[in-house]
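Student: Here you go, one structure.
Derivation of every value follows stated rules applied to the coordinates shown; laboratory data play no part. The model shown is predicted, which means the values in this text are computed figures rather than measured ones. Note that we place each Cβ from the backbone using ideal geometry, even for glycine, and neighbour counts take in every protein chain shown.
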Amino acid sequence: MKTIDDLSVAGQRVFVRADLNVPLADGTITDDGRIRAAVPTISKLIEAGARVVVASHLGRPKGAPDPAYSLAPVGRRLGELLGQDVVVATDTVGDSAEAAVAGLGDGQVALLENLRFNAGETSKDDAERGAFADRLATLADFYVGDGFGAVHRKHASVFDLPARLPHAAGGLIASEVGVLKQLTEDVKRPYAVVLGGSKVSDKLGVIDHLLERADRILIGGGMAFTFLAAQGHEVGDSLLQTDQIPTVQEYLRRAQEKGVEFVLPVDVVAAKDFPDLRTKAPAGPVEVGADAIPAGLMGLDIGPRTRELFAAKVADAATVFWNGPMGVFEHPDFAEGTRAVAQALVDSDAFTVVGGGDSAAAVRLLGLDENGFGHISTGGGASLEYLEGKALPGLAALED
């Protein structure tokens, strides 16, 4: 696929499909990581004299304007990071968007309102999506895809719009794809994968694919309890997907057959109730063995012995991919497992990749140095689908 270096953009309108889907609390951005990740490509286009039209989604509005999902706060933060004013349109393809783009000079930036305020963005109807893409195409001369977190979606601005304009990949997408190729082609071994998060069903595809590629797979987070139950252990009131137990048992059987090491928690930090994440009130954590969690307790983090075990399994690896927290990291009583895994990656000499989503958020929330990792992805879902071997619509659309 072409990159922005292959485009002559001076004086031209360049539509940049970024991923600025950041968390907001009462209109305030709580993690600007994705905005910062978008800045290098936008800055490069500014320096080349382009008239930059940035677009993104935020949250899941229902195909109509919703002030709770406005990109206005994002526009303000983007302007701060770029060191210049960013004109924020109040619509996607209406009068405000047209005026914002028409008013751009060389090296200036406009941000369209949330793309998902238009039902055509996410429509499953090709004609409706295409009609929205047609209107977006009138706002630009070139298209640059740089929203890696959205490339697994067949949406108008991701899939249909590139077909209507000369197009190229931005620096972020090029970087993300380069890293993921290092996890799928000629991988340096030993190759360790650390998976967490709440539901094992969210990771079935990637586990299935990695059984053919990884040397060891470490399982934490809520999904670990389905694995523990599959081995016949009591998991108390912990999150459990009983319908997935047969699938997990088959994965364990295949892993043994192929010589892939599955590493499960040996102890957990548990509590009677799910913690209050707003007040961070003490939750009464207790440490118990992972093979017999008492009734009335739910596991909410990996325990100290498991932290040491996981760190040891990462220490001698040459490549490490991590996706999903080890527990309810947003609460201090259950953050140490995720912190320990993250620190193990920082301390490792391996090529380490944080697979976006909650893992990337945890790195920032826990105050860890982002430069301590080989790569922090901006797209959790996109990263997982790439590792599953799926064709990603947004990447396919950028190929020549």
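Student: How big is segment 191-280 by the Kirkwood estimate over distinct Cα pairs, in Å? The partial results should precede the final answer.
Tutor: Values: mean 1/r = 0.0729 Å⁻¹.
When all Cα pairs of segment 191-280 are included, the Kirkwood radius is 13.7 Å.
Student: May I pose another question? Between Arg164 and Asp208, what is the label-point separation in nm under the 7 Å Cα-to-beta-carbon projection?
Tutor: Simple spin-label model gives 3.5 nm for this pair.
Student: Separate question: What nm distance separates the two modelled labels at Ala102 and Asp186, each placed 7 Å from Cα along Cα→Cβ?
Tutor: 5.3 nm
Student: Restricting attention to segment 97-200, which trypsin sites (Lys or Arg not before Pro) occupy a DSSP loop and are surrounded by at most 12 other Cβ atoms within 10 Å?
Tutor: Answer by residue number: Lys124, Lys188.
Student: About the Cα centre, and with charges only on the beta carbon of Lys, Arg (+1) and Asp, Glu (-1), how big is the dipole of the chain? Nearest 20 debye, please.
Tutor: Dipole magnitude for the chain comes out near 180 debye.
Student: Under a plain spin-label model, where a point goes 7 Å from the Cα along Cα-to-Cβ, how far apart in nm are Ala312 and Glu80?
Tutor: It works out to 4.5 nm between the two label points.
Student: Starting from 0 in steps of 20 Å, tell me what percent of the Cα-Cα pairs of the chain lands in each bin.
Tutor: Percent of Cα pairs in each bin: 27, 52, 21, 0.
Student: Calculate I(q)/I(0) for segment 264-400 by the Debye formula, one identical point scatterer on each C-alpha and no solvent, and give its log10 at q = 0.11, 0.20 Å⁻¹ to two decimals.
Tutor: These q points yield log10 I(q)/I(0) values of -0.46, -1.16.
Student: Right, here's the next one. 222 nm [θ] for the chain, helices only, -39500 (n - 2.57) per DSSP H run of 4+, per residue, to 500? Numbers along the way, then the final one.
Tutor: Working: 13 runs with 131 residues, N = 400.
Helices in the chain give a 222 nm mean residue ellipticity of -9500 deg cm²/dmol.
Student: A further question follows. Report, ordered by chain and residue number, the aspartates and glutamates lying within cross-link reach of Lys44, taken as a straight Cα distance under 20 Å and ignoring same-chain residues fewer than 8 apart.
Tutor: The qualifying aspartates and glutamates are Asp5, Asp6, Asp19, Asp32, Glu80, Asp85, Asp106, Asp141, Asp146, Glu176.
Student: Run the numbers on the chain and let me know its relative contact order in percent, using alpha-carbon pairs under 8 Å that are six or more apart. Intermediate values should be presented prior to the final figure.
Tutor: On the way: 891 pairs, mean separation 62.7, N = 400.
Worked out over the chain, it gives 16 percent.
Student: Give Lys62/Lys390; Lys2/Lys62; Lys188/Lys390; Lys258/Lys313; Lys280/Lys313 a once-over and call out the pairs whose C-alpha atoms are over 25 Å from each other.
Tutor: Lys62/Lys390; Lys2/Lys62; Lys280/Lys313
Student: Between Asp31 and Ala127, what is the FRET efficiency for a Förster distance of 30 Å, r being their Cβ-Cβ separation, to the nearest 0.05?
Tutor: For R0 = 30 Å, the calculated efficiency reads 0.25.
Student: When the chain is treated as a GNM, springs tying every alpha-carbon pair under 10 Å, which of Gly33, Gly170, Gly220 comes out with the largest mean-square fluctuation?
Tutor: Checking each option, the largest mean-square fluctuation is seen for Gly33.
Student: Another question about this same structure. Over segment 282-400, what relative contact order in percent results from Cα pairs under 8 Å that are six or more residues apart?
Tutor: 21 percent
Student: Round to a whole angstrom and tell me the spacing of the C-alpha centers of segment 184-262 and segment 101-133.
Tutor: 40 Å
Student: In straight Cα distance, which aspartates and glutamates are under 14 Å from Lys181, not counting same-chain residues fewer than 8 positions off?
Tutor: Glu385, Glu388
Student: Which order do the peptides 141-147, 75-81, 40-46 come out in when sorted by mean C-beta neighbours inside 10 angstrom, highest first?
Tutor: Output ranking for 141-147, 75-81, 40-46: 141-147, 40-46, 75-81.
Student: Take peptides 356-367, 243-254 and line them up by average Cβ neighbours within 10 Å, highest first, as a rough protection proxy.
Tutor: Averaged packing, sorted descending, gives the order 356-367, 243-254.
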